Amino acid sequence: MGGMIFDTHCHGYWKGLGDRQAEVRRNMLEAGVLRSVQIGADYASSLDALALARDWGEQTWCTAGLHPTDCQDCAPESVPGWMEKLGELARRNRDKVVGIGETGLDYYHLKPGREEAGKRVQRVFFAAQAELARRLDLALVIHTRDASADMLALMRTLPIGRAVIHCYSQDPDFARALMELPGEIYFSFSGVLTYKNARSVQQTARELPLDRILVETDAPFLPPQSVRNRVSVNEPAFTRHVLEFLQTLRDEPAGEVERAVWDNSNRAFRIPGQPAP
Ligand SMILES: [Zn+2]
């Protein structure tokens with residue numbers, strides 16, 4: 001099976017994937033999934049993502065970041081120290097680190113009784129990572145769940161350069177509002193796009209300009225519909241299922257969609273050796 005498919009968001013170091021890397025990589029190549037960005041979710045996993053990007057060689061990159069659910073127990077005063085560490089990791093590994101994140105807002109996973117404090121800390125960490133991404137000229141990888149209004153309000157005030165809304169799960173209105181912001185914003189669709197109850201996500205994927213669309217797995221989470229009842233662990237190879245589903249939603253010829261999404265992915269992360277727009 002040929003293909004030029006780019007999994008723009010996965011966690012290949014995670015339990016269930018990291019312990020069977022040879023097989024995971026073989027499956028990717030067979031499915032035409034040639035490139036991936038390994039995503040950090042806290043400092044330790046950012047190091048894991050970097051190690052994987054080095055192990056897997058030329059076709060693999062990574063990000064460094066602090067996920068909103070992981071930082072809500074941190075003190076806001078610890079932010080400068082964390083940014084120092086993330087920034088240093090990114091600067092020392094310029095050839096591999098192509099983004100800051102995943103960061104963002106997750107109001108679904110708040111601690112009972114500490115909701116407002118949790119939201120506040122998430123906002124502080126998100127703002128700091130947005131500024132770091134801008135300063136280092138890296139893509140900002142955004143996770144947003146049950147927090148669209150606050151996310152929009154924050155993105156309107158922050159210095160957003162290039163950003164990827166990962167695992168897009170909202171309706172077309174949210175995408176339209178984001179499209180009005182000045183930054184270079186991309187929308188990455190995961191296995192969620194293929195789910196039966198995801199009509200408004202599918203509508204968003206139909207409406208967006210093709211040059212803003214990416215695909216991802218978020219592996220090991222969220223297997224696409226077509227494999228959901230036979231596997232519990234998602235893997236980068238299944239990016240192909242997301243792309244194929246996207247192709248059924250779009251009016252453009254399938255080959256054109258595949259080519260555009262590949263080009264978008266390289267552009268969004270300014271993959272070395274790829275021309276900037
Ligand atoms: Zn993720």
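The values are calculated or read from the model by the stated rules, or taken from the named source; none is laboratory data. Note that the structure is predicted; figures quoted are calculated from it, not measured. As a convention, Cβ positions derive from the backbone with ideal geometry for all residues, glycine included, and neighbour counts pool all protein chains shown. Just so you know, the surface numbers come from the protein's heavy atoms only, side chains and all, with ligands and any DNA or RNA stripped out. Shrake-Rupley method; radii C 1.70, N 1.55, O 1.52, S 1.80 Å.
May I ask you to rank 143, 241, 11, 109 by accessible area, largest first, using a 1.4 Å probe over the protein chains only?
Final ranking, largest accessible area leading: 109, 241, 143, 11.
Pick from 62, 167, 74: which is most flexible by mean-square fluctuation in a GNM of the chain where alpha carbon atoms under 10 Å apart are linked?
Looking only at 62, 167, 74, the largest GNM fluctuation is found for 74.
Using a 1.4 angstrom probe, figure out how much accessible area the range 69-148 has per residue, in square angstrom, rounded to the nearest whole.
Averaged over the residues of the range 69-148, the accessible area is 47 Å².
When the Debye formula is applied to the Cα atoms of the range 199-277, each taken as the same point scatterer, what base-10 log of I(q)/I(0) results at q = 0.12 Å⁻¹?
Summing over Cα pairs of the range 199-277 leads to -0.38.
So how much slack lies between residue 114 and residue 59, counting 0.36 nm per residue of separation and subtracting their Cα-Cα distance, in nm?
15.6 nm is the gain from fully extending residue 114 to residue 59.
Once label points are set 7 Å from the Cα along Cα→Cβ at both residue 94 and residue 228, what is their separation, rounded to one decimal in nm?
4.4 nm
Rounded to two decimal places and with Rh computed the Kirkwood way over Cα pairs, what is Rg over Rh for the range 67-159? Could the numbers behind the result be given before it?
On the way: Rg = 13.0 Å, Rh = 13.4 Å.
Value, to two decimals: 0.97.
On the accessible surface of the range 5-268, probed at 1.4 Å, how many percent belong to carbon and sulfur atoms?
Result for the range 5-268: 49 percent of the exposed heavy-atom area is carbon or sulfur.
Evaluate Rg over Rh across the range 5-268, taking Cα atoms for both radii and Kirkwood's formula for Rh.
Numbers: Rg = 17.2 Å, Rh = 18.3 Å.
The Rg/Rh ratio comes out at 0.94.
Specify the inter-centroid distance of the range 227-266 and the range 164-211, based on alpha-carbon positions, in whole Å.
The distance from the Cα centre of the range 227-266 to that of the range 164-211 comes to 14 Å.
Give me, ordered by chain and number, the residues 5 or more places off residue 214 or on other chains with an amide H under 5 Å from its own placed amide H.
Hits under the 5 Å cutoff: 187, 188, 189.
Treat each spin label as a single point 7 Å out from the Cα along the C-beta direction, and report the residue 247 to residue 47 distance in nm.
Roughly 4.2 nm, to one decimal.
Multiplying the sequence separation of residue 221 and residue 26 by 0.36 nm and subtracting their Cα-Cα distance, what value in nm do you get?
Extending this stretch completely gives an extra 68.3 nm.
Quickly work out the residue 271-to-residue 131 label distance, labels modelled 7 Å from Cα along the C-beta direction, and quote it in nm with one decimal.
Between residue 131 and residue 271, the simple spin-label model gives 3.3 nm.
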